[in-house]
1. Within the set of pairs 6+ apart or on separate chains, which have a first residue in segment 54-74 that is closer than 18 Å to M372 by Cβ and of a type in the set (S, T, N, Q), a second that is at pLDDT 80 or above and crowded, with 24+ Cβ neighbours inside 10 Å, and C-beta atoms under 6 Å apart?
2. List, please: which pairs have Cβ atoms under 7 Å, are six or more places apart or on different chains, and start with a residue in segment 317-332 that is in contact (Cβ under 8 Å) with a residue 12 or more places away in the chain and end with one that is charged (D, E, K, R)?
3. Considering every residue within segment 127-135, establish whether at least one is hydroxyl-bearing (S, T, Y) and surrounded by fewer than 20 Cβ atoms within 10 Å (Cβ to Cβ).
4. What tally of residues in segment 165-187 results from selecting those that are assigned to a helix (DSSP H, G or I) and over 15 Å from A29 (Cβ atoms)?
5. Quick one: what pairs do we get from segment 237-260, first residue modelled with pLDDT of 85 or more, second charged (D, E, K, R), C-beta under 7 Å, 6+ apart or different chains?
6. Determine which single condition S145 fails, assuming it passes every other condition in (1) buried (at least 20 other Cβ atoms within 10 Å of the Cβ); (2) at pLDDT 90 or above.
7. Tell me whether segment 153-160 contains one or more residues that are under 18 Å from the mean Cα position of the chain (by Cα), among the hydrophobic types (A, V, I, L, M, F, W, C), assigned to a helix (DSSP H, G or I) and buried (at least 24 other Cβ atoms within 10 Å of the Cβ).
8. Looking at E268, E233, can you tell me which residue is charged (D, E, K, R), more than 19 Å from G65 (Cα to Cα) and surrounded by fewer than 22 Cβ atoms within 10 Å (Cβ to Cβ)?
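The values are calculated or read from the model by the stated rules, or taken from the named source; none is laboratory data. No experiment lies behind these values; they were computed from the predicted model shown. Note that we place each Cβ from the backbone using ideal geometry, even for glycine, and neighbour counts take in every protein chain shown.
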Amino acid sequence: MKRPIPSLQLAVGLSSLAGAVRVIGQIVAALVMLPLIVARGGVAALGAWVMMQAVVGYGGLTHLGMGTLLTKEVGGEGETTKGKHREYLLRAAQSCGILWALLLAFLTLVLGDWFLATLDAGLSKSTPRSTIWIVLLGVLLRLFSALYGAVVSGHQRHYIVQLSQLLQIAAFLLTFLLRPASQSVLYDLAVAFTFSYVGELVTVLIVVRRLDPSAARSVPQNSLRSIRRFVSEVRPYFLMDACLRWREPLLKVALYICCGPASVGVFELASRIPAAIRQAFVFGLTALVPAVASLDREPLRDRVVQLGSRALQYVLFTAVGALFLYGLHAERILELWLGTVDPKLVTLTRMLTFWWFATSLNVPAWWVGVGMGYVWANTVIAAAHLAVTALLVLVAGLWSVSDYALVGSWIAGGLGMQVLLYTMLERHTGAIKRIYLSVEVLRVCVAFIGLVLVTFAATTWMRTTTLGPNVVMALSVVLYVTLVVILVGRNLRGGLSADV
């Protein structure tokens, strides 16, 4: 046994806290950066920057899958094999990273001038050719930072990776703000982007050197056979992440075809806040992967269930509770954010809030399945929902369908896939029913539903009084948080949430 369960629960807890701080930092940086970019170069400059990152980084696919595989395998290695297997995985991943670098450099050399010319067509000032190469360097630094960060996460230090990413966000913002502006806003963004990833990579390497010196000294694999083996191992992780990443863009394509660009904009506004709420609370739970991997041996299987159960209870009171509060006050929050609010936006917001609400609940099952090595089940589910989304694109091209119907069908398909996920993982692991339907979790769920009903009833009553909408919203949040603190405090005293 590598670590006792209390230390793993602490690692997951610290990762969840660091993940929330990182997401908040990302939101704050966006609130500061986006108006500055628009002020200097217009909305076209913002769009050009988003496109440059996406195209040069090949849609973000350069580091998909490899980090999750490394984290899982490093976290789950036995004492007799961990050195050799970790060295093989990291060296093969480094080789794949170099191959990606060569491919992206070739594509940049061939297509870079055409791509920059396309971007410049919508900008008031031309972009230096070096910009695209600077962004490419940043993309590659991000790739290798992700690989070494995966080793850190595999040692149950995922919260350190989260904090290094927070430092990268801060460095990006400060470099852009403090560096003297040039004639091209895209060039300035590229410099800040790459400089920030230099800092993240150096930080992660310092941590790896202390945690795992042999990993810090590893060099790329020179055996084609080993690289092929690694590619075979990483394939399901890559496909899983790629399918998850492509679902929403495909849905936006369907909305654009059927309902026009305005519906895409409404969808973006409707999804932005609930997605951020969900991400803030569940982002750090990727730390379940190495934690579960380290426990996934038969004598320790009960502890996997206990760890998953604690994660589910955390998600219930934080992410699900926060999304409930947002759905309850969505119309008022949107009014404060946007001024006037279209009824369609409010309806779609509540639909998507329910979607993120449901997907929050499956996070423990998702990462427990990956940690236990059943990643193909997750991949099949993600691919199936992507196929449903592709079907909606076809439907949108053939028939006139409302945006409500498209989004509702997409959500229904996703919910069906979640049920299938629970079923498949239960058949393979026997752990899902024990995590989600244990007496302890059911008791907590009943208590949670009770405090949600009390909060809803009190909010409904307050809206009939002379209190202003902002006061009602604040009192509703205070009431919910107070009830959660009382309930959790009582459970801690009663031993319901104690470490095992």
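1. What qualifies is T71/A150; T71/S153; T71/G154; T71/V289; T71/P290.
2. Short answer, once both residue conditions are applied: A319/R278; L323/R278; G327/R350; A330/R350.
3. Kept after step one, since they are hydroxyl-bearing (S, T, Y), are these residues of segment 127-135: 127, 130-131.
Filter once more, keeping what is surrounded by fewer than 20 Cβ atoms within 10 Å (Cβ to Cβ): 130.
Among the residues of segment 127-135, at least one is hydroxyl-bearing (S, T, Y) and surrounded by fewer than 20 Cβ atoms within 10 Å (Cβ to Cβ), which makes the answer yes.
4. Step one: filter segment 165-187 for residues assigned to a helix (DSSP H, G or I), giving 165-178, 185-187.
Subsequent filtering for residues that are over 15 Å from A29 (Cβ atoms) retains 185-187.
Adding up the residues that qualify gives 3.
5. L255/D403
6. Failing condition for S145: (2).
7. No, segment 153-160 has no match at all.
8. Values: E233 fails: more than 19 Å from G65 (Cα to Cα).
On inspection, the qualifying residue turns out to be E268.
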